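Taken together, the values in this text are just the output of simple stated rules run on the coordinates, not laboratory data. Keep in mind the model is a prediction, meaning the values are calculated, not measured. Cβ sites come from the backbone with ideal geometry, for glycine too, and all protein chains shown count toward neighbours.
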Amino acid sequence: MNSDRFDTFRVGLIFPMSGPFGIIGPSSELSAQLARDELNASAGVLGRRVELMSIDGGRDPVTVAHEVATLLDAGALDAVAGMHTSAVRRAVIPVTLGRIPYVYTSMYEGGDRYPGLFITGETPANQLVPALEFLVREFGRRRWAIVGNDYVWPRKSASITATRLRGLGASVVHAEFAPVGTSDFARTVTAIERSGADATVVLLIGDDAVHFHQQFAGAGLDAHCIRLSPLMDENMLLAAGGENTHGLYVASGYFETLATEASLGFSARFARSFGVDAPIVGALGQSCYEGIKLLGALVNRAGTADVRIIESVSDSVSFTGARGHLFLSDGHVSQPIYLALAGAVDFEIIGEIRPARD
């Protein structure tokens, strides 16, 4: 038997290494490595050295879940964590449920609560909803289009968006969902223009979002139709090009321009570890840093990787990440959310947003 099994705490890091979401893969991997190195520089996890095993979360969800199951059945995993789509998360949950802790770091549609599942990302209730409220209130936008990928997160987020817009006296005049991996949005852009929309919610991932923003601006819609996205990091911004992101608002729990002590400290440590030529971190990448730090805090607080014991102490767990000192409640991290306006290479933060009290 391999003695390393008892000397290391093995984490399956699920992040997109391929596919349209692969654009955020390098920053996700390096962010997780930074968290691993920081944990190992102290006491590790349960006194054991943390080891990351990269799993490509950009593949078909069934394929990803099968790899996790194979590793788990072979006794090769103590936990899983990472940034990937809700479709992948839904496939992985039945594999890990009750067996090992699973820290999911992406924004998602909300509502999941399973033993051993802990979520650091934003939900529509604290991310999309207050951003919609701000834009309707400040700019009077009443005719909204929605474009998203065709899976659970965009579809549920779109439903929540439509419901809140009705409550604000606005409406959805066009909505459509494209398969993951779509690059041609010409018909979509034309449909948005013909609908008379004066605002568009963009629920596309990675390269799909990049292609959409380029074609949206290329058709001149950015002159009169603002955009709002909960998923747009600095890597995607640079890929889209500054000339194509005029009037693009983004709601997120983290931006690299966030001028807090925790954010600045994280950026400095990342640069020291990986150099000035390292990928831009962004919200999606840094979430893997927080995921590994939260995983370490949970297991060390419980004194074991036993899911039942971790669950019993989870609400008393806190940790420090790139967004400051964060707390876990009912399996989710409580966090501030910010609204920003896209610039040529980064985001100008407008301020913190919270859901309105009707």
Along each principal axis of its Cα atoms, how long is the range 1-146 end to end? Whole angstroms, biggest number first, please. 65, 34, 30
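Once you order the gyration tensor axes a ≥ b ≥ c over the Cα atoms, which shape class does the range 54-93 get: rounded for a/c under 1.5, otherwise prolate or oblate by comparing a/b with b/c? The partial results should precede the final answer.
Working: a/c = 1.91, a/b = 1.59, b/c = 1.20.
It is prolate, given that a/c is not under 1.5 and a/b is the larger ratio.
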Build a GNM of the chain with springs between Cα atoms under 10 Å: which of S54, S314, S106 gets the top mean-square fluctuation? S54
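Considering just Cα atoms, how many Å³ per residue does the convex hull of the range 227-294 enclose?
Details: hull volume 6.8 nm³, N = 68.
It comes to 100 Å³ per residue, whole-number rounded.
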Largest first and in whole Å, what are the equivalent-ellipsoid semi-axes of the range 177-272 based on the Cα gyration tensor, each being the root of 5 times an eigenvalue? 29, 14, 11
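Placing +1 at every Lys and Arg Cβ and -1 at every Asp and Glu Cβ, with all other atoms neutral, what dipole size does the range 153-249 have around its Cα centre, in debye to the nearest 20?
Rounded to the nearest 20 debye, it is 520 debye.
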Can you find, among S329, A223, F21, the residue sitting farthest towards the positive end of the charge dipole of the chain, where Lys and Arg contribute +1 and Asp and Glu -1 at Cβ? S329
Across the alpha-carbon set of the chain, Rg over Rh with Rh taken as the Kirkwood radius works out to 0.97
Nearest 10, in degrees from 0 to 90: the angle of helix 86-96 to the longest Cα principal axis of the chain is 20
Rg/Rh for the range 103-147, where both radii come from Cα atoms and Rh is the Kirkwood radius: 1.14
Take V345, V189, V299, V276 and order them by how many other Cβ atoms sit within 10 Å, fewest up front. V276, V345, V189, V299
When you have a sec, figure out the Kirkwood radius of the range 67-164 from all distinct Cα pair distances and drop it here in Å to one decimal? 15.2
Mean 1/r over all different Cα pairs, inverted: what Kirkwood radius does the range 154-206 give, in Å? 12.1
Measure of size requested: the Rg and Dmax of the range 204-358, with Cα atoms as the atom set and Å as the unit; please supply both. 17.9, 57
Select from A271, A65, A131 the residue whose mean-square fluctuation is largest in a Gaussian network model of the chain (Cα-Cα springs shorter than 10 Å). A271
For the range 275-317, what is the convex hull volume of its Cα atoms per residue in Å³? 90
Using alpha carbons only, how many degrees (0 to 90, rounded to 10) separate the axis of helix 152-167 from the longest principal axis of the chain? 50
Computed helical MRE - 222 nm, the chain, DSSP H runs ≥ 4 contributing -39500 (n - 2.57), nearest 500: -12500 deg cm²/dmol
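Calculated FRET efficiency, D112 and S316, Cβ-Cβ r, R0 35 Å, to nearest 0.05? It would help to have the intermediate numbers written out before the result.
Values: r = 21 Å, r/R0 = 0.60.
Step by step, r from the Cβ atoms, then E = 0.95.
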Can you give the Rg to Rh ratio of the range 20-99, both from alpha-carbon atoms, with Rh computed by the Kirkwood formula? 0.98
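Restricting to DSSP loop positions (anything but H, G, I, E, B) with no more than 14 other Cβ atoms inside 10 Å of their own Cβ, which trypsin sites (Lys or Arg not before Pro) remain in the range 101-154? Intermediate results must be reported in sequence, preceding the final value.
Values: sites: R113, R137, R141, R142, R143; in loops: R113, R141, R142.
Listed in order of number, the matching sites are R113.
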Between G12 and residues 5 or more places away or on another chain, the pairs with built amide H atoms under 5 Å apart involve M53, D78, A79, V80, A81
Which of I226, I192, I309 moves the most in a Gaussian network model of the chain with Cα springs under 10 Å? I309
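Please compute the Kirkwood hydrodynamic radius over the range 117-266, one decimal place, Å, based on all pairs of different Cα atoms.
Values: mean 1/r = 0.0637 Å⁻¹.
With all distinct Cα pairs of the range 117-266 included, I get 15.7 Å.
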